[in-house]
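Heads up: the structure comes next, in structure tokens.
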Amino acid sequence: MVKIFKAAFRAFLSLGLCVALTGADYLGQKQIERSRNIMGTAFTITIFYSGGLSLERNSYLVDKAFETLESIANKMYGENETSVIWKINHAAPGETVVLDEDTFFVIRESLRLSKISDGAFDITDVPLRELWRTAKEKSEPPSQEAVQMALSKMGYIQVLLDPEAKTLALQKEGIRINVDDPARGYAADKALLQLKSQGVTSAMIKVGESTRWVGLAQEGRYWRFGIDHPRKIDEYAAVLQLDAERAASSAGDYEEFFIYKNNRYPLVINPKTGWPPISGVNPVAGVTVIAENIAFANLLSHLFFILGPEKGYEFIERHKEEGIDAVFIEENKTGQFLLSSSEGLHNGLTDINL
């Protein structure tokens with residue numbers, strides 16, 4: 001099932017997703033690109049065109065897509081005091097909160113992943129996020145006692161979701177939920193599909209380390225995405241070549257992290273242990289996940305970074321109907337790097353820089 005490529009990276013490598021391989025002059029295409037900061041993250045929408053819709057029409061559609069993004073995302077942004085998530089987190093234990101369709105969907109899918117991952121993903125990990133954010137500010141990991149205290153205030157089983165009434169109640173004092181990442185992905189997915197429904201034939205949206213596209217590159221060509229070497233900005237570990245409308249998302253210890261006693265502590269925390277995969281102990285440098293939409297790809301990239309390749313590939317095998325693929329980069333004890341991918345990407349990885 002897994003394809004392994006030999007590696008020869010001597011410098012520390014981590015994984016990011018870059019979309020720089022498709023430019024404005026690609027096969028004569030024009031492009032419109034706009035960016036806005038929403039939910040504390042940059043969203044970038046790009047439309048590629050050579051005929052059909054005019055520049056003015058495409059510009060208008062991009063503006064309307066951003067309106068959709070902001071409308072959906074702000075309902076679920078935990079720091080927005082008017083959001084549904086804020087209301088949930090400030091309700092009394094057992095108090096039900098009515099959910100809109102978008103928020104219900106995101107929470108339902110997040111809880112589904114919590115269950116099928118046996119808690120390796122948990123939307124109630126707010127105390128851990130806060131604890132490790134403070135640790136990053138101090139550049140020192142928290143005590144085990146502090147970690148245990150945070151874990152005692154978590155548990156996705158304390159989230160009671162009523163699918164018929166579309167209501168939610170937190171059953172235990174101190175439990176809070178965070179759906180910022182899947183909400184960003186869900187909003188991006190909706191905005192991109194809106195563009196497609198309005199006649200856009202080739203476009204992509206990027207939010208953080210996640211990207212999704214609709215249509216094909218001009219003349220039926222593949223979309224080509226470079227998997228970045230973050231220590232050498234102009235170099236790629238590999239190029240991902242895909243011909244379907246899918247999404248890609250990356251996670252690793254190159255995003256938010258701090259160094260303590262020569263080890264890198266990424267702020268991707270295992271909610272079962274309360275600790276992140278630590279460089280020097282954990283061999284995974286990064287992972288990119290391919291899925292049908294950004295929301296799911298984003299959740300899985302963080303989950304797979306925690307699980308590692310063996311359990312990640314097992315997860316893919318158990319859930320073939322989900323259409324998931326992944327690329328892992330691991331560091332061995334000699335400082336070399338190994339790249340592997342799931343079966344669905346065996347013919348999609350090119351220009352491997354190992």
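The values are calculated or read from the model by the stated rules, or taken from the named source; none is laboratory data. Worth saying up front: this structure is predicted, and the values here are computed from it rather than measured. Methodologically, a virtual Cβ is constructed for each residue, glycine included, from the backbone with ideal geometry; neighbour enumeration extends over all protein chains shown.
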Among the candidates Pro163, Pro127, single out the residue that is buried (at least 16 other Cβ atoms within 10 Å of the Cβ), in contact with a Lys or Arg (Cβ under 8 Å, 6 or more places away or on another chain) and farther than 30 Å from Val62 by Cα.
Pro127
Scan region 144-186 for residues that are polar (S, T, N, Q) and part of a strand (DSSP E or B) and jot them down.
Thr167
Going through region 333-354 in order, the residues found to be touching an Asp or Glu at 6+ places or on another chain (Cβ under 9 Å) and either outside the structural domain of Gly252 (by TED's automatic domain parsing) or outside any helix (DSSP H, G or I) (or both) are Phe337, Leu338, Leu339, Ser340, Ser341, Ser342, Gly348, Asn353
What pairs can you find where one residue is in region 67-96 and farther than 23 Å from Gln158 by Cβ, the other is small (Gly, Ala, Ser) and outside any helix (DSSP H, G or I), and their Cβ atoms are less than 8 Å apart, with a gap of 6+ or different chains?
Asn74/Ser83
State which residue is modelled with the lowest pLDDT when the search covers only region 276-300 and only residues that are in a strand (DSSP E or B) and within 29 Å of Thr334 (Cβ to Cβ).
Ser279
Hey, any hits in region 47-60 for a residue that's in the same structural domain as Glu256 (by TED's automatic domain parsing), modelled with pLDDT under 90, touching a Lys or Arg at 6+ places or on another chain (Cβ under 9 Å) and crowded, with 18+ Cβ neighbours inside 10 Å?
no
Read through the list (1) in a loop (DSSP other than H, G, I, E, B); (2) out of contact with any Asp or Glu (no Cβ under 8 Å at 6 or more places or on another chain); (3) not basic (Lys, Arg), then give the number of the only condition that Leu303 fails.
(1)
Might you check whether a residue that is closer than 21 Å to Glu173 by Cβ and either among the basic types (Lys, Arg) or outside the structural domain of Met149 (by TED's automatic domain parsing) (or both) occurs anywhere in region 87-109?
yes
Subset of region 76-100 (residues that are assigned to a strand (DSSP E or B) and either of a type in the set (Lys, Arg) or surrounded by 14 or more Cβ atoms within 10 Å (Cβ to Cβ) (or both)):
Val97
Name the pairs: first residue in region 300-312 and in contact (Cβ under 8 Å) with a residue 24 or more places away in the chain and farther than 11 Å from Ala251 by Cβ, second residue buried (at least 22 other Cβ atoms within 10 Å of the Cβ) and among the β-branched types (Val, Ile, Thr), Cβ to Cβ under 6 Å, at least 6 apart or on different chains?
Gly308/Val284
Selected residue [touching a residue at least 12 places away in the same chain (Cβ under 8 Å), in contact with a Gly (Cβ under 8 Å, 6 or more places away or on another chain) and farther than 19 Å from Leu113 by Cα] from Ala295, Ala326, Ala291, Ala285:
Ala285
